[in-house]
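What follows is one structure encoded as structure tokens, with my remarks underneath.
The values are calculated or read from the model by the stated rules, or taken from the named source; none is laboratory data. Keep in mind the model is a prediction, meaning the values are calculated, not measured. Methodologically, a virtual Cβ is constructed for each residue, glycine included, from the backbone with ideal geometry; neighbour enumeration extends over all protein chains shown.
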Amino acid sequence: MINELYELAAALGDIGVKSVSWHDDYKELPKVTKKALCYCIRMNADGGIGNIETLAPETVKRLRKYGKGTGTGGSFPAMNIVPLYRLDTKEQIKRLEEIEEDPSKVDPDELGAWRKRDNWEKKRAQFWHCIHDKAHELGKIVGSDNVVGALADITLNYGDIGAFKAALELYLFTRLGTKSNINDALALLFYKGGPEKAESDCGPNISVILDLADYSRFSYPVAHEETTKSVNAALHAAQAAKLVDIAASAGETDAFGAAYSKVGEPMPEVKLAGGFSVKLRAMFNAQKSQYKYGRIGDESFPITRDNRARLKSALEYVADDARKNKLWVNADEDEIIFVYPSPLPWADLNAVQVLGSNGVKTFEATAKAFAKNLSGLPLGQKPENMHVFSLRKMDKSRSKVVYSRSRTMDGFVDAANAWQSGCENIPQLPFKVVVPFPLDVPKILNKVWKQDGTIANGKKSAKRMQFYQGLELLLERQDENEIRRWTHALIHGVFGLVVHAGNQRSGLEDGLRKELAEICAALGLLLYKRGAKKECYMESTAYLTGQLLKTSDELHALYCKVKREGDVPPQLAGNSVFNAAADNPMQALSILCTRMTPYLAWAKQYSSKKEEEDGEENKKNVKLAGWYIDQYRRIADKLKETLGERSSAIRLDDFGKAQLFIGYLASLPKKSTDAGGNDKNANGNQEV
């Protein structure tokens, strides 16, 4: 991932994109929800509280707090506090809940009598560390000319945490007296402890950020995006001023050739909008191999602090939520796919949509839109290459780039066109062809179907194919063994669904029809990748065997319709030998021949009836019986040619089974007429 991000960072720099690189000690605020609000406490110059209000989630997302960690580490100007007092009796808790439901019932004198259990007693040192020690640290860095520095000057005037608590309490009870924002005041005042809660339990953390009630001499308040950026810049400047580049004077360089001085810290961590956080590089000093070369921890792969910031900034930029479905997409909750052109800048090419379904367009429409957008760019703005990499969360603490590939733009377009051609490498189906996206193919391969048409995966699907391997299938040239592996996985997973589909005379559900369409497209793609085009494999033993099994099912069903008043057995004749045919076609055909003898004899006799003596429905059935007999003759003649003298030794490999599956699911060819007016069976794309 380091190399990919370094190239991206360089590209961003070339086009003047200045993304924010957040200082390692400048942390995000907790996410705001309906049950977890963020309160802005606005302070007067004398240390009193001027106002308290809740902040919108969008505002909180743009704010940060200074502190090395969570818990007792402390932070400023934002921090977590707990309610001021603890309620222990059930009567008090019940009464408080009544007031929350109907704030008009509030009685400040009644609530004032509840101030007996100080809920800050165990947190005093922690809270004092925030508004005194951390405020002092940050105030020195930003200076009093900054609004945050002015705020720090106010909090440093408190003698202890009790003074701040008293100011907060006075304001909250004043609000209760005026009966405004009652529930917010109650949330900050009282914790519903109760006798069943442990003494150490101080209740939920409440996110607050301190600010100035009067910030008129400054451009922005503390709780503002621009103030946050100014504090971040001051932190970076202070950090740079402390660096004494001893190593640089000795000529030592980092992995990218920049003058290097020892950092002594892990690489930065980036929280991705895709749902998980990553460290740019793991530097675990317990790996003994590092000791052999005398470079331990972060020195095992030296990167300057400036380059670390650039790498982090590049990943934050490309992985921003605003660029979802443009430069990145979630393959699943543990894998993110990034796609970006080079050189930058890019137009709205949305290449990532070629990889995964957006739920609106088909693959064909998406690929065409991408190619059209690309061709519409002026010559000087056309990117040369497309970079694709997949970042996967391996476990709770590790993430890894599992796939990285660069293709020329023409190569990327060609790969998309070849994908389309491969998925259409199938004959006519009795349902609409659906071309799956590359990130959909692993989902198809990872399903295991039962013969009742349901998925047998249990709680989790099998992981025979990872999502990044769908990208490989699109962008890479696979050898035959790799293609055979995917074909083997697919035919074994979908066998039950194919058998189920063959027996459904009343029609399949739309969902299963789409599944089968995608399965056939994936099989056609794998055969295409192997070099087996439909014009050729449709003349193979395997495909023809599948067609013969399908013809047998159709004829058996017609017999049941005419002679048994539509009473069809649970399994039709061709379907009953499908399993055997997947292993040994000749053995299956031998069994089928015996089973179909009475139905074929009936069809010959029935098709010779005079149509004018029967009704319209019967006329149709008579023609159909004769047509099935013609199909049998046609397929049998072709099988005789393909089998030759080696018929007893025929065994289907995985590619043969794929052709058998397609043959069984494909439509039977319709009778056509040649140029001389003679009947001719067309092995084409017409549906019965």
By residue number, the members of region 8-50 that are surrounded by fewer than 14 Cβ atoms within 10 Å (Cβ to Cβ) and either closer than 30 Å to Asn157 by Cβ or modelled with pLDDT of 75 or more (or both) are Lys31, Thr33, Lys34, Lys35, Ala36, Ala45, Asp46
Restricting region 206-216 to residues that are out of contact with any helix residue (DSSP H, G or I) (no Cβ under 8 Å at 6 or more places or on another chain) and farther than 19 Å from Tyr26 by Cβ, the one surrounded by the fewest Cβ atoms within 10 Å (Cβ to Cβ) turns out to be Ser216
When region 71-102 is checked residue by residue, the ones that are in contact with a strand residue (DSSP E or B) (Cβ under 6 Å, 6 or more places away or on another chain), of a type in the set (Ser, Thr, Tyr) and in contact (Cβ under 8 Å) with a residue 60 or more places away in the chain are Tyr85
When you check Val354 against the structure, is it closer than 29 Å to Arg281 by Cβ and in contact with a helix residue (DSSP H, G or I) (Cβ under 7 Å, 6 or more places away or on another chain), yes or no?
no
Of (1) surrounded by 15 or more Cβ atoms within 10 Å (Cβ to Cβ); (2) touching a residue at least 12 places away in the same chain (Cβ under 8 Å); (3) farther than 18 Å from Ala666 by Cβ, Cys560 fails just (2)
In the set Val354, Val388, the lone residue that is modelled with pLDDT of 85 or more, part of a strand (DSSP E or B) and closer than 26 Å to Tyr528 by Cβ is Val388
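This table checks each residue for (1) of a type in the set (Val, Ile, Thr); (2) over 30 Å from Arg62 (Cα atoms); (3) at pLDDT below 90.
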position: Lys192; (1), (2), (3): no, yes, no
position: Asn205; (1), (2), (3): no, no, no
position: Asp214; (1), (2), (3): no, no, no
position: Glu226; (1), (2), (3): no, no, no
position: Ala259; (1), (2), (3): no, yes, yes
Quiz item: Residues in region 446-468: is at least one under 24 Å from Gly663 (Cβ atoms), over 17 Å from the mean Cα position of the chain (by Cα) and part of a helix (DSSP H, G or I)?
Solution: no
Only unsatisfied item for Asn481, checking (1) more than 18 Å from Tyr664 (Cβ to Cβ); (2) without any contact (Cβ under 8 Å) to a residue 60 or more places away in the chain; (3) surrounded by 20 or more Cβ atoms within 10 Å (Cβ to Cβ), is (3)
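Going through region 433-446 one residue at a time, which ones are more than 15 Å from Cys423 (Cα to Cα) and crowded, with 19+ Cβ neighbours inside 10 Å?
Asn446, the sole residue that qualifies.
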Checking Val360, Val402, Val354 in turn, the sole residue that is crowded, with 21+ Cβ neighbours inside 10 Å and β-branched (Val, Ile, Thr) turns out to be Val354
All-but-one check, Ala233 against (1) under 30 Å from Ile303 (Cβ atoms); (2) of a type outside the set (Ser, Thr, Tyr); (3) in contact (Cβ under 8 Å) with a residue 24 or more places away in the chain, failing number (3)
Subset of region 474-496, residues among the basic types (Lys, Arg) and part of a helix (DSSP H, G or I), comes to Arg484, Arg485
Conditions (1) at pLDDT below 95; (2) buried (at least 18 other Cβ atoms within 10 Å of the Cβ) -> Ala125 fails only (2)
Please work out if Ala150 is modelled with pLDDT of 95 or more, under 22 Å from Leu235 (Cβ atoms) and either of a type in the set (A, V, I, L, M) or not in a helix (DSSP H, G or I) (or both). yes
Being farther than 30 Å from Leu327 by Cα, surrounded by fewer than 18 Cβ atoms within 10 Å (Cβ to Cβ) and at pLDDT 75 or above narrows Gln290, Gln239 down to just Gln239
Within region 555-582, the count of residues that are over 19 Å from Ala625 (Cα atoms) and among the aromatic types (Phe, Trp, Tyr) comes to 1
In region 485-514, anything under 19 Å from Glu424 (Cα atoms), at pLDDT 95 or above and not β-branched (Val, Ile, Thr) is listed as Trp486, Leu490
Selection from region 308-331 of residues buried (at least 16 other Cβ atoms within 10 Å of the Cβ) and either among the hydrophobic types (A, V, I, L, M, F, W, C) or not in a helix (DSSP H, G or I) (or both) yields Ala309, Leu311, Ala314, Leu315, Val318, Ala319, Lys326, Leu327, Trp328, Val329, Asn330, Ala331
(1) charged (D, E, K, R); (2) surrounded by 15 or more Cβ atoms within 10 Å (Cβ to Cβ); (3) within 42 Å of the chain's Cα centre (by Cα) all hold for Arg86 apart from (3)
In region 71-127, residues that are part of a helix (DSSP H, G or I), of a type in the set (Ser, Thr, Tyr) and under 30 Å from Ala152 (Cα atoms) total 1
